[in-house]
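Reviewing the structure listed below.
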Amino acid sequence: MTTDSLSPQDALVAVMIAVSAADERVSDRELKWIFSIIDILPVFQGYDRNRVSNVIGVVNDLFEDEDGIDALVGLVDQALPDHLHETAYALACDVSAADGRLEMTELRLLEILRHDLNVDRLTSAAIERGARARHQRLEPRGTA
């Protein structure tokens, strides 16, 4: 797979992998969440899960470049139809919330995605709140 051959589904996976890797580690919880998303959501119907390792390679290659994040977001924007921009942002928020903590690098990548994919502020706030609600723990952090 080359960087210019991302399918819309690959682009959505790339967004999830990029957010997961933004803090320089992909947690098991995040990876499990990515695969469960692929298995459940209708947008991934018919998607070959074996492509994920190739998408990981593309994201890693791009992140080695100084302008890699901009290149990645450009590829994602190019591969996705406009109606999937909010979906991409929602998936990014879900993955970033999956391990229970948000790093500054993840927050910065979310900001870049929101801006470059033209997800308006009100919509992004609703998406972010939904992700927080879905990933709540039974016991709040720090009490158990």
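Some values worked out for this structure:
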| read-out | value |
| --- | --- |
| Scope the stretch 92-118; condition crowded, with 20+ Cβ neighbours inside 10 Å and under 19 Å from residue 71 (Cα atoms); matching residues | 92, 106, 109, 110, 113, 114, 117 |
| Tabulated pairs, the stretch 116-144, first closer than 16 Å to residue 91 by Cα and part of a loop (DSSP other than H, G, I, E, B), second at pLDDT 85 or above and open to solvent by 70 Å² or more (accessible area, probe 1.4 Å), C-beta under 7 angstrom, 6+ apart or interchain | 119/86 |
| Selected residue [open to solvent by less than 20 Å² (accessible area, probe 1.4 Å) and of a type outside the set (Phe, Trp, Tyr)] from 88, 133 | 88 |
| Residue within the stretch 1-19 that is under 16 Å from residue 97 (Cβ atoms) and outside any helix (DSSP H, G or I) present | no |
| Residues that are assigned to a helix (DSSP H, G or I), more than 13 Å from residue 10 (Cβ to Cβ) and either of a type in the set (Asp, Glu) or open to solvent by less than 80 Å² (accessible area, probe 1.4 Å) (or both), drawn from the stretch 35-51 | 35, 36, 37, 39 |
| Test for residue 24: is it within 15 Å of the chain's Cα centre (by Cα), exposed (fewer than 13 other Cβ atoms within 10 Å of the Cβ) and not polar (S, T, N, Q) | yes |
| Where residue 83 falls short, out of the listed (1) part of a helix (DSSP H, G or I); (2) open to solvent by 50 Å² or more (accessible area, probe 1.4 Å); (3) in contact (Cβ under 8 Å) with a residue 24 or more places away in the chain | (3) |
| From the options 119, 43, residue that is within 24 Å of residue 23 (Cα to Cα) and aliphatic (A, V, I, L, M) | 119 |
| Residues located in the stretch 27-72, provided they are over 16 Å from the mean Cα position of the chain (by Cα), acidic (Asp, Glu) and more than 17 Å from residue 109 (Cβ to Cβ) | 48 |
| Flag for residue 70 being open to solvent by 90 Å² or more (accessible area, probe 1.4 Å), at pLDDT 95 or above and either within 16 Å of residue 16 (Cβ to Cβ) or not aromatic (Phe, Trp, Tyr) (or both) | no |
| Residue count, the stretch 66-77 (criterion: assigned to a helix (DSSP H, G or I) and either closer than 18 Å to residue 32 by Cβ or free of Cβ contacts under 8 Å to residues at least 60 places away in the same chain (or both)) | 7 |
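The values are calculated or read from the model by the stated rules, or taken from the named source; none is laboratory data. It should be emphasised that the depicted structure is a prediction, and the values quoted were computed from it without experimental measurement. Reconstructed Cβ throughout: ideal geometry from the backbone, glycine too, with neighbour counts over all protein chains shown. All accessible areas refer to the heavy atoms of the entire protein, side chains included, with ligands and DNA or RNA removed. Shrake-Rupley method; radii C 1.70, N 1.55, O 1.52, S 1.80 Å.
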